[in-house]
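Take a look at the structure below.
The values are calculated or read from the model by the stated rules, or taken from the named source; none is laboratory data. On a predicted model such as this, the values are computed, not experimentally measured, just so you know. Glycine also receives a Cβ, built like all others from the backbone with ideal geometry; neighbour counts cover every protein chain displayed. For accessibility, only protein heavy atoms count, side chains too; no ligands or nucleic acids. Shrake-Rupley method; radii C 1.70, N 1.55, O 1.52, S 1.80 Å.
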Amino acid sequence: MKQFVLSIQKLTKIIQDDQSLAEQTYDFVDLLQLSESELEQIRKEVVDIKLIDSNDFWDLTEEVYKSLILKTIQSDLLQYFKKLQENQTFIIRYNFHPWHKFSLTAENIEPPEKKHSAVLEMKTSYAEKQLQTLLDHFQIKGGNWKDDLYDFDYHFNFESVVETLFCELAFECWKEVKPNTISFITEINGGSYTYDLSNGENLDKMNLTVQEYINQANSTKNNS
């Protein structure tokens, strides 16, 4: 399985390193640039392969999810942030369920209290098609790999990793549309940390409530 494993590891590394792949124009087969002899060798190696037993393939699919599929909500997240009122302080609570959706509710901390809700749904079909095309190129049969790709019981740490990456994406989007407004993001059930959206500071690790953090930020601003 040497050539198959090397090729899968190579593609995983490309996806990790190449930020330009976020747009849905990438081609996994082209990215690998395999020679005819390499492809022939892979096809010999995978005749009886069971993908569920290939840790390298699951590493690849997780990287596809984290680096490519997750970013398909970036445009919708930007638009959601743009709709929030300027100069208002919000705490945005999110829920990640099921595996392809984030439900968000932005609550205005100061009166008049308002709530702004949205559901952001990842677009999965392009990346899944690319993975299937790659398997077809290798002549690997069996189409049930997608059932395991989103099995968070099997990948027990994967959900928390996705939530962390989602928060990082939120920090990036927030800076683009609300650079001078203090607001926060946290998991809706309190199972995660509370962060300042503008700078990613972790309020829980600072042992500060949202109001204490706001007071401290205003005090620093007034004294500067």
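Observations, loosely collected:
- Selected residue (criterion: farthest from the chain's Cα centre (by Cα)) from residues of region 66-125 that are over 27 Å from Ser20 (Cα atoms) and among the β-branched types (Val, Ile, Thr): Ile109
- Applying the condition of being among the β-branched types (Val, Ile, Thr) and under 16 Å from Leu135 (Cβ atoms) to region 16-55 and asking which residue is farthest from the chain's Cα centre (by Cα) yields Val47.
- Test: residue in region 44-55 that is over 20 Å from Ile140 (Cβ atoms), open to solvent by 60 Å² or more (accessible area, probe 1.4 Å) and of a type in the set (Lys, Arg): no
- All positions within region 125-163 that are closer than 18 Å to Asp27 by Cβ and modelled with pLDDT under 75: none
- Residue list for region 181-198, restricted to those being under 19 Å from the mean Cα position of the chain (by Cα) and touching a residue at least 24 places away in the same chain (Cβ under 8 Å): Phe184, Ile185, Thr186, Glu187, Ile188, Ser192, Thr194, Tyr195, Leu197, Ser198
- Selection status of Ser103, without any contact (Cβ under 8 Å) to a residue 12 or more places away in the chain, out of contact with any helix residue (DSSP H, G or I) (no Cβ under 9 Å at 6 or more places or on another chain) and either part of a loop (DSSP other than H, G, I, E, B) or closer than 28 Å to Tyr195 by Cα (or both): no
- Of everything in region 1-43 that is more than 30 Å from Ile73 (Cα to Cα) and β-branched (Val, Ile, Thr), the residue that is least open to solvent (accessible area, probe 1.4 Å) is Ile42.
- The set of residues in region 70-94 that are open to solvent by less than 50 Å² (accessible area, probe 1.4 Å) and not in a loop (DSSP other than H, G, I, E, B) comprises Leu70, Thr72, Ile73, Gln74, Leu77, Leu78, Tyr80, Phe81, Phe90, Ile91, Ile92, Tyr94.
- Residue count for region 6-32, restricted to those that are farther than 13 Å from Leu68 by Cα and either in contact with a Ser or Thr (Cβ under 7 Å, 6 or more places away or on another chain) or modelled with pLDDT under 95 (or both): 2
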